[in-house]
Every structure is written in structure tokens, then in C-alpha cells.
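Heads up: the structure comes next, in C-alpha cells.
The values are calculated or read from the model by the stated rules, or taken from the named source; none is laboratory data. On a predicted model such as this, the values are computed, not experimentally measured, just so you know. Note that each Cβ is placed from the backbone with ideal geometry, even for glycine, and that neighbours are counted across all protein chains shown. Only protein heavy atoms, including side chains, enter the accessible area calculation; ligands, DNA and RNA are left aside. Shrake-Rupley method; radii C 1.70, N 1.55, O 1.52, S 1.80 Å.
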Amino acid sequence: MKSKALIKHLSDGAIHSGESLATKLGVSRTAVWKQVRKAMDDGVEIQTIRGKGYQMLSSVDLLDRERILAAVAPEHRDAITLQVLDDVGSTNADVGRRMAQGEAGVPVTIADCQTAGRGRRGRVWTSPRGENLYLSMGITLQGGFSRLDGLSLVLGVAVANALEGLGAGGLGLKWPNDIFVSDGKLGGILVELQGELQEGVVQVIAGFGINVHARHLGDVDQPWSSLARAYPAVQWCRNDIAGQLISAVQDALQVFSEEGFPAFRQTWQARDVFDGKMVEARGGGVVGAAAGIDDQGNYLVRVGQEIVPVRAGEISLRMVS
């Protein structure tokens with residue numbers, strides 16, 4: 001028996017006896033007790049009531065494959081091959097494995113917890129269980145590597161569109177791959193090449209990490225927030241967010257493949273968190289005034305009378321005082 005099955009039975013907030021849970025789950029009462037303890041160790045608040053049983057005090061937001069698929073727009077539902085896991089090292093790595101095996105459709109992996117989540121430039125992506133959304137998709141584009149220009153920015157626009165459609169407002173985008181709200185970072189995007197260019201086709205893996213119910217993120221060294229914290233009036237559901245995100249990404253990729261990044265430039269720039277700020281390109285030795293982005297997705301920095309384009313790669317921007 002997995003603790004997830006137990007949590008599903010307790011998620012109604014009612015009191016359930018150990019005997020009834022054991023019967024429903026087909027295990028012993030001792031096994032039920034052990035799974036209660038495991039769930040509590042994972043941060044789920046469960047009250048033990050002597051002589052009566054167990055009652056869940058905390059709300060839970062369980063991932064459910066069928067509910068995610070139901071939230072995907074009908075025109076995209078048949079195109080994806082969705083896998084929902086309790087645990088995984090990295091959702092990006094799992095999608096990479098599936099693409100290497102030639103799996104049909106658009107592979108999507110969502111996990112409740114990552115044990116080796118990765119961010120940009122090799123950073124660790126903190127991935128606590130049951131709180132946030134960890135989703136990766138396989139993307140195939142026709143053309144050479146130049147077709148990737150601005151892709152991470154396009155995906156940022158798609159994430160913002162999806163979240164705004166569910167009730168988030170005032171979202172900002174930080175070049176090249178972060179989602180922000182007023183009090184900190186809400187999420188990030190990791191784009192990785194998959195294999196080598198073959199006959200004008202390029203494959204990439206896009207990983208999305210969105211803080212949904214996050215309460216503690218360990219050693220994160222910058223201000224951060226979550227959807228639940230930034231928008232407490234909205235009832236956030238990871239299944240709905242996942243379905244909307246998949247749909248928004250597929251919509252954006254269709255436009256991107258036909259029109260390229262220029263179709264997204266103005267929309268991205270309207271959410272630019274660096275707008276009007278002084279910035280420094282780490283690794284690039286450039287300091288100046290933020291001047292938006294060009295049609296290839298490069299960030300533009302005004303240094304004196306000169307406009308200097310900054311490419312993503314291993315360079316990142318930060319504000320300077």
C-alpha cells in the first residue's frame with residue numbers, strides 16, 4: 001500500500017477508523033498505522049483520535065492523471081502521452097529517456113516529487129513532495145538550431161498565459177527563464193537539447209517548476225513566492241494548472257513554429273521585470289540600462305550610447321543598485 005492511497009481516503013476530512021481503512025486498502029491495521037506515520041513524516045497533518053481513528057487536518061492537492069487530461073484542451077489531448085509519477089530523479093531526464101526510446105506523441109512527465117531536480121546553470125531545483133508542479137515536455141521543431149532562438153521566452157509567455165487564465169494577475173518575466181510575482185520568484189523553465197540535429201529537426205526538453213503551495217524551499221538564496229501565497233483568494237489545484245500549462249505551451253509552440261519569436265516579443269516585453277532598471281550581465285561583463293529584447297530573444301543593454309545584445313547561454317542578468 002502506498003501512502004497516496006491512504007491520503008485519498010482521508011482527504012474528505014472525516015474520521016476514518018483504522019479497521020475501515022485496512023478493509024478498504026486490503027492491508028492490516030498495523031500497515032495503516034505505518035502509512036499514517038509515513039504521511040505525517042512527509043508533512044501531512046493527520047490527527048490520531050483514540051478509539052475512533054484518523055482524521056486529516058491539512059488540505060491535500062493530489063496529482064491525478066485523468067483530471068490533468070480532462071483539463072487539457074480537447075484539441076491537444078490526443079497529441080500528448082502523459083505520465084504521472086509519485087517520485088522521479090528529474091522530470092527532464094525522464095522525458096529525455098522517453099524521447100530517446102522513440103516514444104510516440106508529445107511526451108509529458110509530471111512528478112509529485114523530484115529527488116534530483118535541476119535548474120539553469122546546474123543549480124539544484126528544490127522539489128518538495130505534494131506542494132508544487134514539476135512538469136517536463138518533449139518538443140520537436142523543424143529547422144536548424146536557429147529555430148530555438150527565443151524559445152525559453154516563448155515558454156515563459158505560455159506559463160504566464162496559463163496562470164493568468166486561472167486567476168493570477170500581474171505576473172512578471174525575468175530574462176531568460178523565470179516567472180515572478182511582486183514578492184519573489186514563482187517558477188522557472190529549463191530548456192535542454194535532446195540528442196543531435198538530424199535532417200533539419202531539433203528536439204528539446206522543456207522543464208517547468210511552479211511553486212503552488214510551497215511553504216519551505218530549503219536553501220533557496222533569493223526571494224520566492226508561491227501561487228497560494230501570492231493569490232490566496234484562488235483555490236489552486238495542481239491538476240488544473242498542469243492541464244492549462246500543457247494547453248498554453250502547445251498553443252504557443254504552434255504560433256512559434258509558424259511565425260517565430262517576433263510574434264511574442266511585445267507580449268514578453270510587457271512583462272519584463274527589468275524594464276527601466278540598471279542590470280549587469282553575469283559572465284558577460286556588461287552593465288547598463290535594460291532596453292528590452294530583440295527579435296532573436298537576446299536581451300539588450302544600453303551602455304552609454306551603445307546597445308549591447310546579451311545572449312542567454314551561460315549568462316544571466318541581475319539588477320544593480
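Taken one residue at a time, the phi angles of segment 99-104 give Karplus couplings (6.51, -1.76, 1.60, θ = phi - 60°) of 5, 5, 7, x, 4, 6 Hz. Gly and Pro are set to x.
If a spin label sat at a point 7 angstrom from the Cα of ALA79 along the line to its beta carbon, the backbone N atoms of segment 185-203 nearer than 17 Å would be those of 202-203. Evaluated over the Cα positions of the chain, the convex hull gives a direction-averaged projected area, one quarter of its surface, of 18.3 nm².
Distances between placed amide hydrogens fall under 5 Å for ASP294 paired with LEU300, all partners being 5 or more residues away or on another chain. What the phi angles of segment 167-177 give under the Karplus curve with 6.51, -1.76 and 1.60, with θ = phi - 60°, is a coupling list of x, 7, x, x, 6, x, 10, 10, 4, x, 8 Hz, glycine and proline written as x. Against the criterion of solvent-accessible heavy-atom surface with a 1.4 angstrom probe, PHE145, PHE274, PHE180 sort, most first, into PHE145, PHE180, PHE274. I need the fraction of alpha carbon pairs in segment 1-54 separated by more than 19 Å, rounded to a whole percent. Every Cα pair in segment 1-54 considered, those over 19 Å come to 12 percent. Taking one quarter of the surface of the C-alpha convex hull of segment 254-308 gives a mean projected area of 4.3 nm².
I'd like to know which of ASN92, HIS76, PRO176 lies farthest towards the positive end of the charge dipole of the chain, counting +1 on Cβ of Lys and Arg and -1 on Cβ of Asp and Glu. Ranked along the dipole, the leading option is ASN92. A straight chain from GLN55 to SER28 at 0.36 nm per residue would run longer than the Cα-Cα distance by 7.9 nm.
Straight-distance candidates among the lysines for linking to LYS174, with alpha-carbon spacing under 16 Å and chain neighbours fewer than 8 residues away dropped: LYS185, LYS277. The HN-Hα couplings worked out from phi for segment 37-42 by the Karplus form 6.51 cos²θ - 1.76 cosθ + 1.60 (θ = phi - 60°) are 4, 5, 4, 5, 5, 7 Hz, whole numbers, x standing for Gly and Pro. Secondary structure note: in the chain, about 85% of the DSSP beta bridges are antiparallel. Put a dot 7 Å past the Cα of THR115, heading toward its Cβ, do the same for ALA70, and the two dots end up 3.2 nm apart.
Listed by chain and number, the lysines whose alpha-carbon sits under 22 Å from that of LYS4, ignoring those within fewer than 8 places in the same chain, are LYS24, LYS34, LYS38, LYS52.
A quarter of the convex hull surface defined by the alpha-carbon atoms of segment 168-321 gives 11.2 nm² as the mean projection. Residue order by solvent-accessible surface for SER182, SER146, SER225 is SER182, SER146, SER225, largest first, with ligands and nucleic acids left out and a 1.4 Å probe.
The amide H of ILE46, built 1.01 Å from its N in the peptide plane, has LEU57 as neighbours under 5 Å, considering only residues 5 or more places off or on other chains.
Kirkwood analysis of the Cα pair distances in segment 153-227 returns a hydrodynamic radius of 13.6 Å.
With Cβ to Cβ distances under 10 Å as the rule, what net charge do the other residues near ALA111 carry (K, R +1; D, E -1)? Overall, the nearby charge balance is -3. In the context of the full protein assembly, LEU69 retains an accessible surface of approximately 30 Å², using a probe radius of 1.4 Å and ignoring ligands and nucleic acids.
Centre-to-centre, using Cα atoms only, segment 1-48 and segment 240-315 are separated by 47 Å.
With contributions of -39500 (n - 2.57) from each DSSP H run of at least four residues, the per-residue ellipticity at 222 nm computed over the chain stands at -9000 deg cm²/dmol. The heavy atoms of TYR54 offer some 20 square angstrom of accessible surface to a 1.4 angstrom probe.
Backbone amide hydrogens, once placed in the peptide plane, bring ILE80 within less than 5 Å of VAL106, excluding anything fewer than 5 places away on its chain. Quick one: how many Å² of LYS34 are accessible to a 1.4 Å probe, rounded to 10? Result for LYS34: roughly 120 Å² accessible.
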